[in-house]
Amino acid sequence: MNADEIQKLDAYFKSKFANPSLQVRARPRKTDSLELYLVDEFLGVIYLDDEDGDRSYNFSMAILDIDLE
């Protein structure tokens with residue numbers, strides 16, 4: 001994904017969750033996905049879906065049972 005998409009997704013997440021501490025970052029050696037962080041804590045991966053020319057983004061976040069305690 002390009003820098004423009006990263007910037008747009010970064011602004012989207014900050015606005016949607018009303019949290020300026022969220023940050024979308026490029027992944028090393030990957031061009032089809034990005035990472036979402038809350039300050040320095042990894043939250044999940046944003047995947048690009050570019051099927052049939054319609055671009056969409058899927059956010060995947062794993063929640064461990066120990067995180068719920």
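Structure summary
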item	result
Contacts under 9 angstrom Cβ, first residue in region 51-69 being more than 18 Å from Leu34 (Cβ to Cβ) and in contact (Cβ under 8 Å) with a residue 60 or more places away in the chain, partner hydrophobic (A, V, I, L, M, F, W, C) and open to solvent by less than 100 Å² (accessible area, probe 1.4 Å), 6 or more apart	none
Test: residue in region 60-69 that is touching a strand residue (DSSP E or B) at 6+ places or on another chain (Cβ under 7 Å), modelled with pLDDT of 95 or more and surrounded by 12 or more Cβ atoms within 10 Å (Cβ to Cβ)	no
Cβ pairs under 7 Å, 6+ apart, first in region 21-39 and farther than 17 Å from Asp4 by Cα, second β-branched (Val, Ile, Thr) and at pLDDT 95 or above	Ser21/Val39
Output for region 34-54, where each listed residue is over 22 Å from Asp67 (Cα atoms) and either open to solvent by 70 Å² or more (accessible area, probe 1.4 Å) or modelled with pLDDT of 95 or more (or both)	Leu34, Tyr47, Asp50, Glu51, Asp52, Asp54
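The values are calculated or read from the model by the stated rules, or taken from the named source; none is laboratory data. Nothing here was measured: the structure is a model prediction, and the numbers come from that model. Neighbour counts are summed over all protein chains in view; Cβ atoms, including those assigned to glycine, are modelled from backbone coordinates with ideal geometry. Heavy atoms of the whole protein, side chains included, go into the accessibility calculation; ligands, DNA and RNA do not. Shrake-Rupley method; radii C 1.70, N 1.55, O 1.52, S 1.80 Å.
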